1. In the range 50-64, which residues are of a type in the set (S, T, N, Q) and buried (at least 17 other Cβ atoms within 10 Å of the Cβ)?
2. Going by the structure shown, is Lys91 over 11 Å from Asp127 (Cα atoms) and free of Cβ contacts under 8 Å to residues at least 40 places away in the same chain?
3. Which residue pairs have Cβ atoms under 6 Å apart, sit 6 or more places apart or on different chains, and have a first residue in the range 71-87 that is touching a residue at least 12 places away in the same chain (Cβ under 8 Å) and a second that is in a helix (DSSP H, G or I) and basic (Lys, Arg)?
4. Being in contact with a helix residue (DSSP H, G or I) (Cβ under 9 Å, 6 or more places away or on another chain), assigned to a helix (DSSP H, G or I) and buried (at least 21 other Cβ atoms within 10 Å of the Cβ) is the requirement here; does Leu148 meet it?
5. Filter the range 34-77 for residues that are of a type in the set (Gly, Ala, Ser) and part of a helix (DSSP H, G or I); which is nearest to Leu148 (Cα to Cα)?
Amino acid sequence: MAANTAATAKKTETKTESGQKKADAKKNQQESLLEKLFIDMLKDMYWAEKHLATALNKMHSEATTPELQDAFEDHKYVTQKHASRLEKIFKMMGKEPEGKKCEAMEGLTNEANTLIKETTEGTMTRDAALIIAAQKIEHYEIASYGSLVQVAKTIDREDVARLLEKTLWEEEDADELLTEIAETYINPMADNESDDDEEDEEVEETTATSKEKK
């Protein structure tokens, strides 16, 4: 009787161990899938940062106020630093740095180009539009890096999470700076502009052109 009880207990224990191994294997598989998603997200942001660095050149050249021009110039440098930081993270994850086209960032920069076309050069309204476009980009990056931080922590990569948090904080700082510039300089002056101002500028440009021809 005792022998039968021991045998039954052993079978139960073996079954439990087998079930635990299957559960662990399934868990590991899920973690691997999450890590794969994490790498794909890194590729997405790596492409986005590279693309944004180029887009910021145009946004800088189209801005009117020195404050906004400086903000775009500074953020271009920070954006390049973010791309370099992602390269470091790729290597920490045992991967080669690689970009994957980010449809969201491409769409946001295309929208910025559209706003540039729809506003008049040299106006505060143009600068207000540029800030709106830039903050949409910042909000996308803040959401993306916030998600990356959480996933990095979930897959037990606190070292990676700390680097991503640095980028997240820098994106938040950039967003706050744009808000400050908008509220302090751009928006109040843009609010005083009218269609008549734009017409006067067009007349001045036409007059100047005519004088040059003479």
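Taken together, the values in this text are just the output of simple stated rules run on the coordinates, not laboratory data. Everything numeric here is computed off the predicted structure, so don't read it as measured data. Glycine gets a Cβ as well: all are built from the backbone with ideal geometry, and neighbour counts include every protein chain shown.
1. Keep residues of the range 50-64 that are of a type in the set (S, T, N, Q), which gives 54, 57, 61, 64.
Once the filter is applied, which keeps residues that are of a type in the set (S, T, N, Q) and buried (at least 17 other Cβ atoms within 10 Å of the Cβ), the range 50-64 yields only Thr64.
2. Details: over 11 Å from Asp127 (Cα atoms): yes; free of Cβ contacts under 8 Å to residues at least 40 places away in the same chain: yes.
Answer is yes for this residue.
3. Between residues of the range 71-87 that are touching a residue at least 12 places away in the same chain (Cβ under 8 Å) and residues that are in a helix (DSSP H, G or I) and basic (Lys, Arg), the close pairs are Ala83/Lys50.
4. Yes, satisfied.
5. The residue in question is Ala48.
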